[in-house]
Amino acid sequence: MNYQDAQAELLARVRDRIHNGELTERGLARRIGISQPHAHNVLKGVRNLSPEIFDSILERFHLSLLDLAPVAELEANLEARKMERTQEVAFLVGAIGPGMAWPTTIDRRRSFPLPFPSLAVPPNLVMARLTADPAMSVTLAGAEIALLDHSDEQRRNIVPAGLYVVSYEGQALLRYLRPGPLSYYLLTDVNMNHPIAWQRLRLTRAEVFEAVKARVRWLGSERDRNLPMAQRGRFLYDAISR
């Protein structure tokens, strides 16, 4: 509801009282301290309802702005705010990136708000801090944290556009993956267009599933936690549906 909607609703309520005989234009004018012709013109829409008169009518009739809003709209707004405010995802204990091993535990004392509405935190999601990775500077674009989906579905169904956390040779790296005749290859922003430079994962396909720890769903920064939900970070896939 905007100011014009509230103004229209308030005037409609005043007109109803006048039509029902509960009030007269003269009585309204006297209550809010304006002339009867002015009150008449306001009710007819000839004169604008100024903020001062608007507030005077609310006060005299013991109303608030919330009383003018539809109940369904208020309930929906409150529910949306509640979901946005309370649902937070826990962080992995350690950071991920070059030189960092895949963390095996979660720090329940540290969390970040979900970047999409949800009644509860899906069990397959976890937040992770990121270390600098020069090979992925374009994709990460200054991101400091990532929302990871570690479900079996996302780890098994590798897609070319997906950004994944791959644990290989003792490091948990954010990389793109491409299938080859015998295995998969790791791609970075630097070698994306140079297949000869792709790093081969010398693992069986079953071992690749174990190496892929999660798919990156969202990238952002901890300093943006108090921004509106739509302004926090960016999604890499399916913002809400999955």
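Taking square-rooted eigenvalues a ≥ b ≥ c of the alpha carbon gyration tensor, is region 3-69 rounded, prolate or oblate, where a/c under 1.5 means rounded and, failing that, a/b exceeding b/c means prolate?
Here region 3-69 falls in the rounded category.
Amide H of residue 218 versus every other amide H placed in the peptide plane: which residues, excluding those fewer than 5 positions away on the same chain, fall under 5 Å?
147, 236
Tell me which of 29, 117, 166 sits at the most positive position along the dipole axis of the chain, charges placed on C-beta atoms (Lys, Arg +1; Asp, Glu -1).
Toward the positive end, the furthest listed residue is 166.
Please report the spacing between the Cα centers of region 141-176 and region 24-76 in Å, no decimals.
57
In deg cm²/dmol and to the nearest 500, what is the mean residue ellipticity at 222 nm of the chain if only DSSP H runs of at least 4 residues count, each as -39500 (n - 2.57), divided by the residue total?
Taking each H run of at least 4 residues, the total per residue is -9500 deg cm²/dmol.
Once the other residues with Cβ under 13 Å from the Cβ of residue 220 are scored (Lys, Arg +1; Asp, Glu -1), what is the net sum?
That sum, taken over residues with Cβ under 13 Å, equals +3.
Rounded, prolate or oblate, given the Cα gyration tensor of region 98-169, with a/c below 1.5 counting as rounded?
Rounded.
Run the simple label-point estimate for residue 231 and residue 71 please: 7 Å along Cα→C-beta, distance reported in nm.
So the label points at residue 231 and residue 71 sit 3.4 nm apart.
State, in angstrom, two size descriptors of region 1-151 derived from its alpha carbons: Rg to one decimal place and Dmax to the nearest whole number.
27.4, 80
Listing 31, 26 from the residue with the fewest other Cβ atoms within 10 Å to the one with the most, what is the order?
Arranged by neighbour count, lowest to highest, 31, 26 become 26, 31.
Please report the antiparallel percentage of DSSP beta bridges with both residues in the chain, rounded to the nearest 5.
Roughly 95 percent of the DSSP beta bridges within the chain come out antiparallel.
Mind pulling up the Rg/Rh value for region 86-235? Radius of gyration and Kirkwood radius, both on Cα.
Here Rg/Rh amounts to 0.96.
Can you work out the FRET efficiency for the pair residue 43 and residue 224, with r the C-beta to C-beta distance and R0 = 41 Å, to the nearest 0.05?
0.30
So how strong a dipole does the chain carry about its Cα centre when Lys and Arg Cβ are +1 and Asp and Glu Cβ are -1, to the nearest 20 debye?
Roughly 240 debye, rounded to the nearest 20.
Between rounded, prolate and oblate, where does region 172-226 land on the alpha carbon gyration tensor, with a ≥ b ≥ c its root eigenvalues, rounded for a/c under 1.5, else prolate if a/b exceeds b/c?
Verdict is oblate for region 172-226.
Which order results if 149, 189 are arranged by neighbouring Cβ count within 10 Å, fewest first?
Lowest count first: 189, 149.
A short reminder: the numbers here are calculations on the coordinates, not readings from a lab. It should be emphasised that the depicted structure is a prediction, and the values quoted were computed from it without experimental measurement. For neighbour counting, all protein chains shown are included, and Cβ atoms are generated from backbone atoms with ideal geometry for every residue, glycine included.
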